[in-house]
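Below: one structure, written as structure tokens.
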Amino acid sequence: MRLNFLKIRAIPALFWTSPKALTFKPPITSFFMLIVGLTIFGLGETLLLAAGVGVSPWTVFAQGVSFRSGWSIGVSTAVISSFVLLTWWFLKQKPGLGTILNIIIISLVLDFCLPFLPKFDAVFPKILMAMTGVLVTGFGGAIYLIANLGPGPRDGLMTGLQRLTNYPLAAVRGSIEISVVGFGVLLGGKAGLGTLFFAFGIGPALAISIMLLDKLFGENVE
């Protein structure tokens with residue numbers, strides 16, 4: 001495998017890829033894999049949250065915005081997501097069912113799974129859970145993005161910037177997450193080990209997952 005995953009610049013078209021992103025009548029396989037991918041994605045984020053060693057970079061950013069503005073974390077998150085969606089117009093991104101279901105399914109998975117996940121006192125199991133969460137999130141993200149039914153707000157920012165710059169996906173995603181953490185901390189948000197794992201690991205985790213799926217079900221990604 002070496003470091004070929006760091007060169008990946010596009011989402012491959014595999015057997016569950018929808019021919020159209022903006023459609024409310026997607027192929028059954030595409031829709032099913034979208035649900036599967038988003039569920040796995042949500043489980044990864046839940047593992048990171050349950051680990052208790054730091055929230056995701058975007059939550060750190062929301063904390064910072066909340067600290068400076070006096071808004072709640074929820075309102076701050078909504079404002080940030082709305083701003084990210086506004087950038088889609090400039091990046092020529094297309095929304096779809098995945099854009100809507102991203103918010104709904106991940107929230108449901110968080111609420112359902114979090115009470116059942118173990119809570120560790122020792123540091124090593126917490127770190128292991130956080131790292132597992134990053135890998136699981138990357139794998140779920142790869143599955144649902146390949147479905148081509150519309151990315152979530154932040155994944156759409158990534159794919160839009162990738163098309164604009166032609167940089168590898170891992171580099172684009174990593175740059176976004178690291179920048180978000182930096183701004184969040186400057187504004188007063190609190191980062192932890194889990195935050196750093198996510199910021200530096202989600203790009204490679206997503207890229208490795210895309211490469212593995214492409215090797216299993218399609219042609220090699222260059």
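Okay, here's what the table says:
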quantity: Qualifying residue in the stretch 104-124 (condition: surrounded by fewer than 21 Cβ atoms within 10 Å (Cβ to Cβ), polar (S, T, N, Q), within 19 Å of the chain's Cα centre (by Cα) and over 30 Å from Asp214 (Cβ atoms)); calculated: no
quantity: Filter result for Leu128 (assigned to a helix (DSSP H, G or I), surrounded by 20 or more Cβ atoms within 10 Å (Cβ to Cβ) and at pLDDT 95 or above); calculated: no
quantity: Where a residue in the stretch 150-179 is closer than 16 Å to Leu97 by Cα and its partner, wherever it lies, is among the charged types (D, E, K, R), with Cβ under 8 Å and at least six apart; calculated: Gly150/Lys94
quantity: Subset of the stretch 23-51 that is outside any helix (DSSP H, G or I) and without any contact (Cβ under 8 Å) to a residue 12 or more places away in the chain - its residue that is farthest from Phe139 (Cα to Cα); calculated: Lys25
quantity: The listed residue being among the β-branched types (Val, Ile, Thr) and under 29 Å from Phe124 (Cβ atoms), out of Thr23, Thr17, Thr87, Thr59; calculated: Thr59
quantity: Residues of the stretch 70-79 satisfying the condition of being out of contact with any helix residue (DSSP H, G or I) (no Cβ under 6 Å at 6 or more places or on another chain) and assigned to a helix (DSSP H, G or I); calculated: Gly74, Val75, Ala78, Val79
quantity: Condition met for Phe41 (in contact with a Phe, Trp or Tyr (Cβ under 8 Å, 6 or more places away or on another chain) and either of a type in the set (Lys, Arg) or closer than 28 Å to Tyr167 by Cα (or both)); calculated: yes
quantity: Hits in the stretch 135-149 - residues which are crowded, with 24+ Cβ neighbours inside 10 Å and aromatic (Phe, Trp, Tyr); calculated: Tyr144
quantity: Qualifying position, being over 23 Å from Val36 (Cβ atoms), touching a helix residue (DSSP H, G or I) at 6+ places or on another chain (Cβ under 9 Å), part of a loop (DSSP other than H, G, I, E, B) and hydrophobic (A, V, I, L, M, F, W, C), among Ala199, Ala171, Ala191; calculated: Ala191
quantity: Residue within the stretch 144-161 that is assigned to a helix (DSSP H, G or I), modelled with pLDDT under 95, among the β-branched types (Val, Ile, Thr) and at negative phi present; calculated: yes
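The values are calculated or read from the model by the stated rules, or taken from the named source; none is laboratory data. This one's a predicted model, so the numbers in the text were calculated from it and none came from an experiment. Here the Cβ is made from the backbone with ideal geometry for all residues, glycine too, and neighbour counts use every protein chain on show.
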